[in-house]
Amino acid sequence: MEEDEESADEEFEDFEDDEEDIRDVVVPGEVLTEDVKNFLPGRGTILNKEKNKIISLNIGLKQIKKNYINVIPLRGFYTPRPGDKVIALIVDKNPVKYKCDINAKEFGQLKPKNTIKKGRVRGFRGGGPPQNDVGTEKFDIGDILVVKILSADRLNKPELTTVGKYLGKKTGGIVISIDPPKIPRVIGRNGSMIKMLKNLTKCNIFVTQNGRIWLKGEDIAHERLLIESIKKIASEAHTVGLTDRMQEYIINEKKKRGIE
Amino acid sequence: MPLIIKDEYPEMLFRKDGKRLDGRDVNELRPIKMEVGVIKNADGSAYLEWGNNKIFAAVYGPREVHPHHLAKPDKGILRVFYRMATFSVFDRKRPAPGRREKEISMIVSDCIEPLLFLELYPGTSFEVFIEVMDADGGTRCASTTVAALALADAGIPMKSLVSAIAVGKIDGKKVIDLSGIEDKAGEADLPIAITWYNEEISLLQFDGDMDLEEMNEFLDLAKDALKEIHQIQLDALKRKYIKLQEETNKPKEKNDKKGEE
């Protein structure tokens, strides 16, 4: 499984939308505006009780989009949503289901019926499928999987599947994790950052929305440079002009370390 | 007949020049230093130095509740664990949580709970661990302040921060921010916490004697000091990010100027 692909990220565009201007860092309880006639509270904000102020709920960056005021969080946790592709770690298994750590508040459940291999040998005319082969994939505790979330809500545990494109067990490579709100920055606008990282370090990267990144390169030197770059992106996620700065940084580092 | 040795307190809590024993004015805070993100493995953390108080706070969550019977099906829970290190006070503090620890854990939890959106995370818990490394009066106020800071650093949505301070009466004078000795030898002690969302009182305890008029004066006195503490909290949260923003922005401006020349 050596696909050259990044995760879908249409919903996360707002982080890298206007890189040009510096945006204010706001903290919980800070008044964003008192002009409630022209502005509406958007994501990460709330009206106060008297409804004459819009205040922030998160530590993040203030952003004005049309007449909505949003706060893009800088810290936070991952909330699973149906359709997300995430990297999961199997922590427990029993005959009915696998328990997967997906970096959310609850463990995900992977049932054997959701692991049925596609394109398995079907029965032919005059005979059914082989009796012993149920067509499900077998995993062990400690395996790293790329899974898709089938269902997730506030009350029930998220249900996962390995049936689909790019999904299934990962062999080889390295998985690192960063703060989930900073994932959009690693992808960049229309995938510009991730393309740059791939071209310069010659690594395969798979970025998922729960803050985990799978990567595999030609040799350990490139992989190490890539990991350091990603950590740098995560720590400088709130600054402007990041893609250009990272490009410069990687080229300089490559010269310093003598890798091509 | 057992020998009872009483604690010795100074007769006067003010010096001859009218200042307090540690050299402060009546409405002067002890030096405060706050920092966030000090514990790497926690989801959010904060460190506070308030006079001689040194306190760490770490936040984990939302995560599954253990023991499981404490979980509520309709909302999350906030659990606070206030603990004092054995070396934090003059006599060795027994490490087992006692009556006082449980009380302070409860009041800190009750103080912060109205600010969080716990109904969004049913069946889970947020856990705040407060570890007092050095204690010198007013640790419950300091713990509340630092717990709010750690929660904000963890990225948990909250309506506002909360700040707390103790005001009181020593030798007949109204003072703010009582130190350890003033707390024990003074006449009255009134810890107050304010949630900055709508400026409501979230904690009010009282020990000693005063009349109602004095109480109102104390509240006014506390509010001014609380604003000062809130400002320090905000600065501590923003410092890390603003510093990086400025650093990365400076060279770019220089380059632009060179290009123009």
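Some points to look at:
- In order through region B:101-109: 3J(HN,Hα) via Karplus (6.51 cos²θ - 1.76 cosθ + 1.60), integer Hz, x for Gly, Pro: 4, 5, 5, 5, 4, 5, 5, 5, 4
- Taking a ≥ b ≥ c as the square roots of the eigenvalues of the Cα gyration tensor, chain A is classed as oblate, since a/c reaches at least 1.5 and a/b does not exceed b/c.
- Gap separating the Cα centres of region A:180-206 and region B:179-221, nearest whole Å: 53
- Computed in the context of the full set of protein chains, the accessible area of region B:32-245 at 1.4 Å probe radius has 52% of its extent on carbon or sulfur.
- Proximity of backbone amide H atoms, modeled 1.01 Å from N, is registered between A:PHE39 and no other residue at under 5 Å, excluding neighbours fewer than 5 places apart on the same chain.
- For region B:30-44, Karplus couplings with θ = phi - 60° (6.51, -1.76, 1.60), whole Hz, Gly/Pro x: 6, x, 10, 9, 10, 8, 10, x, 8, 10, 6, 7, 7, 5, x
- GNM flexibility winner over chain A from A:ASP153, A:ASP84, A:ASP101 (Cα, springs under 10 Å): A:ASP153
- Across peptide B:239-248, the average count of Cβ atoms from other chains found within 10 Å of a residue's Cβ is 5.
- Note on A:LYS255 and B:GLU35: with the Förster distance fixed at 41 Å, the Cβ-Cβ geometry gives a FRET efficiency of about 0.70.
- DSSP assigns beta bridges within the protein assembly as shown; of those with both partners inside it, close to 85 percent run antiparallel.
- Whole-Hz couplings from phi, Karplus 6.51/-1.76/1.60, listed for region B:230-241; x for Gly and Pro: 4, 4, 5, 4, 4, 4, 4, 5, 7, 3, 4, 6
- Longest exposed-site-free window of chain A, the sites being trypsin sites (Lys or Arg not before Pro) in a DSSP loop that have at most 11 other C-beta atoms within 10 Å: A:166-260
- Surface accessible to a 1.4 Å probe, B:GLU228 within the full protein complex, Å²: 100
- For region B:140-179, residues shielded by at least 50 square angstrom of accessible area compared with the chain on its own, probe 1.4 Å: B:GLY155
- In the assembled protein chains, B:GLU213 presents an accessible area of approximately 140 Å² (probe radius 1.4 Å).
- At R0 = 22 Å, FRET efficiency that the Cβ-Cβ distance of A:ASP24 and B:GLU246 yields, to 0.05: 0.95
- For region A:98-118, a reduction of at least 30 Å² in accessible area between the chain on its own and the assembled protein chains (probe 1.4 Å) is found at A:LYS105.
- FRET efficiency for B:MET12 and B:ARG99, using Cβ-Cβ distance with R0 set to 35 Å, rounded to 0.05: 0.60
- The alpha-carbon of B:LYS243 sits under 19 angstrom from the alpha-carbons of these lysines, leaving out residues fewer than 8 places away in its chain: A:LYS62, A:LYS182, A:LYS231, A:LYS232, B:LYS33, B:LYS252, B:LYS254.
- Chains B and A together, accessible area buried on both sides, 1.4 angstrom probe, square angstrom: 2900
- Residues A:TRP214, B:TRP196 ordered from highest to lowest accessible area at a 1.4 Å probe: B:TRP196, A:TRP214.
- Comparing A:VAL36, A:VAL27, A:VAL240 in a Gaussian network model of chain A where C-alpha atoms under 10 Å apart are linked, the largest mean-square fluctuation is found at A:VAL36.
- Heavy-atom accessible surface of chain A: percent carbon and sulfur, 1.4 Å: 49
- Inter-part distance, region A:243-260 to region A:51-111, computed on C-alpha centroids, equals 32 Å.
- Accessible surface of A:THR161, taken over heavy atoms with a 1.4 Å probe and every protein chain present, rounds to 10 Å².
- Normalised by the number of residues in region B:31-87, the average gap of Cα pairs under 8 Å and 6 or more apart makes the relative contact order 22 percent.
- Hull volume per residue, based on the alpha-carbon atoms of region B:32-245 and their convex hull, is 136 Å³.
- Long-range HN-HN contacts of B:GLY37 with modeled amide H, under 5 Å: B:SER45, B:ALA46
- Near the amide H of B:ILE170, within less than 5 Å, lie the amide hydrogens of B:VAL175, B:GLU187, all on another chain or at least 5 residues away, with H placed in the peptide plane.
- Springs join every pair of Cα atoms under 10 Å in this Gaussian network model of chain B, and among B:ASP207, B:ASP153, B:ASP189 the largest mean-square fluctuation is at B:ASP207.
- Under 18 Å of direct C-alpha separation, and excluding same-chain neighbours fewer than eight residues apart, A:LYS157 reaches these lysines: A:LYS85, A:LYS93, A:LYS97, A:LYS99, A:LYS105, A:LYS111, A:LYS113, A:LYS148, B:LYS72, B:LYS75.
- Averaged over its residues, the protein assembly as shown has an accessible area of 51 Å² per residue, based on protein heavy atoms and a 1.4 Å probe.
The values are calculated or read from the model by the stated rules, or taken from the named source; none is laboratory data. Remember, predicted model here, so these are calculated numbers, not experimental data. Glycine gets a Cβ as well: all are built from the backbone with ideal geometry, and neighbour counts include every protein chain shown. We work out accessible area using only protein heavy atoms, side chains counted, and drop any ligands, DNA or RNA first. Shrake-Rupley method; radii C 1.70, N 1.55, O 1.52, S 1.80 Å.
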